[in-house]
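Single-structure report; data block below.
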Amino acid sequence: MKVLKTIGNCCLVFLTVLSICVIIAFVYYHFFVKDTTIGVNNVNDQLALDVKKADELTEEEKDEFEERWFMEASYYSNAKNNGVQLQELKYNYFTGYNLTSDQYRSTGMQYMGDFNTYSSEVNSKDEAQNRVLSEFYYYDTTNGITWSGFKGQYGSVSTTLNREQQFIIKIDDRPFSIQLTGKYDVHGKFLFIKYKKGTVYFDYGDVFDCVFTAIKSNDKGYGDYYITLDLSQYFTIKEYDTATKKFKADDVTDVIKNYAVLKFHYDENGARNSTQSLFGSIACNPSYDTEQDKIDTTYWQERMTYNLDENSKLNGKELFAYRYSEVYGGYFLSLTMDAKKLFAEMPRAKVNVMLDLDSEYFSTNEINIVGFDYNAFEGVELDTFTVKGKDKTLYLLEKSLSNTSLQVLKRNFSIKLEIASGAMNSEYREVFI
């Protein structure tokens, strides 16, 4: 009996020690040993599931159904200076989860020139989510007809290319959603302390710029090619759950790589006819003039875009001059003579101005901006002029924005404008931000 008791105690001790070892091993594995799982989404052709075999298709059906990819681009570089420089990017997708040909839809963006992306400060995440770039022409294709129903802030009956937009695409004959969700944090450093300054949200202009950078840098040069792009930095893909009728997030995969095939046409000629466009239209004109003597080829040559703000300098010197007014109790802003001369000598330059009247620069230097001075920007070609601030009246003095060909004027609702007679002479579009 004593022997059995001893054996039992020994077994109990052994099992206890073994249990402790198992627990220690589990804790170590759980906290210190991490398997990294990688998921890959390959976005290939976007042909509908009900499309017939090639030998059963008519010629018209072949044109519609063959070679359909999620991303398709066309770039007429105008290297031969015989037309207009034209960049186009089209997204092909579905409007329903059945992935049939009657659910085909395409949405695209077109830019005349060579687009360079830029960052714009937003006041909120909601503003970033709904922001649509005004530099592009937008098109939709439904039932084989391409049209443009985008009217900016004035309304739209077309697909809106912003961060809220979700496309239904096909992967392995199953429906998925793809959405532009990419962003990154910007950090600063004070002494030895690192802090978050803000967040940059990618928009469709960023994707557009990267696509055409890839096209221009391809080692085959001009022609028709296919390349595979890594969209992981920009887009999130979710699978459709047929049971819940919702798209489900992948919360178990550590690294998700999203690859998509891009079909593109790269041409050394310039575009001269609307039929050359992916959308059958140039500048929303389906009858774009093809006569050589009516095409202003100089206008569409490559342009340099300059984005100016209150911190901008020219060779270490201030770009803006400030004149104090006792009457208005503040400063009138204008470009310096050196800056005007610089842009006057660059006829292909396009200038965007973005001023934050409540910025750290203005507050630190105690500069209270009350308006734009006489001839402030006269003669400088402006594309977009953005002014942000709170509860402010800005006075635009005579010829302050004269002969600038201003396209878009953006401002907060809280900023009121007092525009003097002759302050500006271009037809511009006003946008409230």
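The residue pairs whose first member lies in the range 318-340 and is within 10 Å of PHE377 (Cα to Cα) and among the polar types (S, T, N, Q), whose second member is assigned to a strand (DSSP E or B) and open to solvent by less than 60 Å² (accessible area, probe 1.4 Å), and whose beta carbons are closer than 8 Å, counting only pairs six or more residues apart or on different chains, are SER334/PHE320; SER334/ALA321; SER334/PHE372; THR336/LEU314; THR336/PHE320; THR336/ALA321. Only a single criterion out of (1) outside any strand (DSSP E or B); (2) buried (at least 20 other Cβ atoms within 10 Å of the Cβ) is not satisfied by ASN311, namely (2).
Selection within the range 389-401: residues that are open to solvent by less than 20 Å² (accessible area, probe 1.4 Å) and either closer than 18 Å to TYR306 by Cβ or at pLDDT below 90 (or both). The member of this set that is farthest from the chain's Cα centre (by Cα) is LEU401.
Residues that are in contact with a strand residue (DSSP E or B) (Cβ under 9 Å, 6 or more places away or on another chain), open to solvent by 30 Å² or more (accessible area, probe 1.4 Å) and over 30 Å from LYS245 (Cα atoms) within the range 77-106 comprise just one, ALA79. Kindly indicate whether any position in the range 370-384 is at pLDDT below 90, closer than 17 Å to GLU121 by Cβ and not in a strand (DSSP E or B). No, the range 370-384 has no match at all. Can you tell me which residue within the range 214-225, out of those that are open to solvent by 70 Å² or more (accessible area, probe 1.4 Å) and modelled with pLDDT of 90 or more, is farthest from ILE168 (Cα to Cα)? Ranking the candidates gives TYR222 first. I'd like the residue in the range 276-297 that is over 27 Å from the mean Cα position of the chain (by Cα) and open to solvent by 80 Å² or more (accessible area, probe 1.4 Å) and, out of all such residues, is modelled with the highest pLDDT. Looking at residues that are over 27 Å from the mean Cα position of the chain (by Cα) and open to solvent by 80 Å² or more (accessible area, probe 1.4 Å), I get SER287. Scan the range 156-179 for residues that are open to solvent by 30 Å² or more (accessible area, probe 1.4 Å) and of a type outside the set (Asp, Glu) and the total you get is 7. The requirement of being basic (Lys, Arg) and under 20 Å from the mean Cα position of the chain (by Cα) is fulfilled nowhere in the range 233-243; no residue meets it.
From the set of residues in the range 254-275 that are over 15 Å from GLY221 (Cα atoms) and polar (S, T, N, Q), which is nearest to the chain's Cα centre (by Cα)?
Within the range 254-275, the match that is nearest to the chain's Cα centre (by Cα) is ASN258.
Residues checked against (1) assigned to a helix (DSSP H, G or I); (2) farther than 15 Å from TYR76 by Cα; (3) of a type in the set (A, V, I, L, M):
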| residue | (1), (2), (3) |
| --- | --- |
| THR213 | yes, no, no |
| LYS220 | no, yes, no |
| GLU239 | no, yes, no |
| ALA243 | no, yes, yes |
| ASN258 | no, yes, no |
| LEU262 | no, yes, yes |
| LEU278 | no, no, yes |
| SER287 | no, yes, no |
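Residue count for the range 119-132, restricted to those that are assigned to a loop (DSSP other than H, G, I, E, B), in contact (Cβ under 8 Å) with a residue 24 or more places away in the chain and surrounded by fewer than 17 Cβ atoms within 10 Å (Cβ to Cβ): 3. In this structure, PHE65 does satisfy being at pLDDT below 85, surrounded by 12 or more Cβ atoms within 10 Å (Cβ to Cβ) and closer than 27 Å to ALA283 by Cα.
Summed over the range 385-433, the residues that are in a loop (DSSP other than H, G, I, E, B) and of a type outside the set (Val, Ile, Thr) give a count of 23. All of (1) assigned to a strand (DSSP E or B); (2) open to solvent by less than 70 Å² (accessible area, probe 1.4 Å) hold for ASP209 with one exception: (1).
Restricting attention to the range 180-193, the residues that are part of a strand (DSSP E or B) and surrounded by 10 or more Cβ atoms within 10 Å (Cβ to Cβ) total 6.
The values are calculated or read from the model by the stated rules, or taken from the named source; none is laboratory data. The shown structure was predicted, so the numbers you read here are calculated from the model rather than taken from an experiment. We place every Cβ from the backbone using ideal geometry, glycine too, and count neighbours over all the protein chains shown. Surface accessibility is based on the protein's heavy atoms, side chains included, excluding ligands, DNA and RNA. Shrake-Rupley method; radii C 1.70, N 1.55, O 1.52, S 1.80 Å.
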